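The values are calculated or read from the model by the stated rules, or taken from the named source; none is laboratory data. The structure presented is a predicted model; accordingly, all values stated were derived computationally and were not measured. Cβ coordinates were reconstructed from backbone atoms using ideal geometry, including for glycine residues, and neighbour counts include every protein chain displayed.
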Amino acid sequence: MRKYDLYIFDFDYTLGDTTKAIAESINYGLVSLNHEPQPLEKIKPTIGITLHDAYFILTGVPPTPDEEKNADKFFGFFMEKADTCMTESAELYEYTVPLLKKIKASGAKTAIVTTKAKYRIEEILERFGISFLIDVIVGSDIVKNPKPHPESVYAALSETGFSAENTVYIGDSVVDARAAAAGQVDFIGVLTGTTNRDILEKENNIYIFNDLGELYNEYLA
């Protein structure tokens, strides 16, 4: 497997899982706006996209000016609830820490590009004592254009000083794959999210692994 100078990771369903807290926060926001709470199987496919888009998908309402305002309110309610439960309930996958350590030991840099706020990722990394394993965090709160727009990928490249041709993006979704393609970096898919192999194979990718364990065994093998 080719080695890179910079490894960019998505967070949700790539490095870790915050499904429980996301579902609780989404339903808190929906109920606060007089919508019905949604089952987990409907919420999970929206994890990784913007909360604005998730609101319209989960409610089915048209994007009228009034509903755009409600989408902003939904974001506020979501964050209000997430502040009470997201960091504490976050889980990391089994091979997240070993893989990051292996990458860092090789001299490469690491970044997280996520639709979560930067401070939230910082809190989660601090909770697990692994802040030193991530060099750059690009959250949705510090870019104007969310994934799949390449702005967050460009931000990671800019902060680390590496070129696109020596960078790979690892993620679990079509949004991740398209952000990588738009940013002209290689993409590795993992199947720990809600996107299956058949769908990811239609996107530009160099590898698709079942999980980070497979990537760990390939890295520096």
Task: Test set (1) in the same structural domain as I124 (by TED's automatic domain parsing); (2) exposed (fewer than 14 other Cβ atoms within 10 Å of the Cβ) - V97 fails condition number - done: (2)
Open item on the list: Can you find a residue that is among the aliphatic types (A, V, I, L, M) and modelled with pLDDT under 95 anywhere in segment 1-15?
Closed with: yes
TODO: Take segment 105-125 and flag every residue that is assigned to a loop (DSSP other than H, G, I, E, B), touching a residue at least 40 places away in the same chain (Cβ under 8 Å) and over 10 Å from the mean Cα position of the chain (by Cα).
DONE: S106, A108
- [ ] Filter segment 88-101 down to residues that are of a type in the set (D, E, K, R) and in a helix (DSSP H, G or I) and give me whichever is farthest from Y119 (Cα to Cα).
- [x] K101
Open item on the list: Being more than 14 Å from L33 (Cα to Cα), at pLDDT below 95 and hydrophobic (A, V, I, L, M, F, W, C) is true for just one of A90, A117. Which residue is that?
Closed with: A117
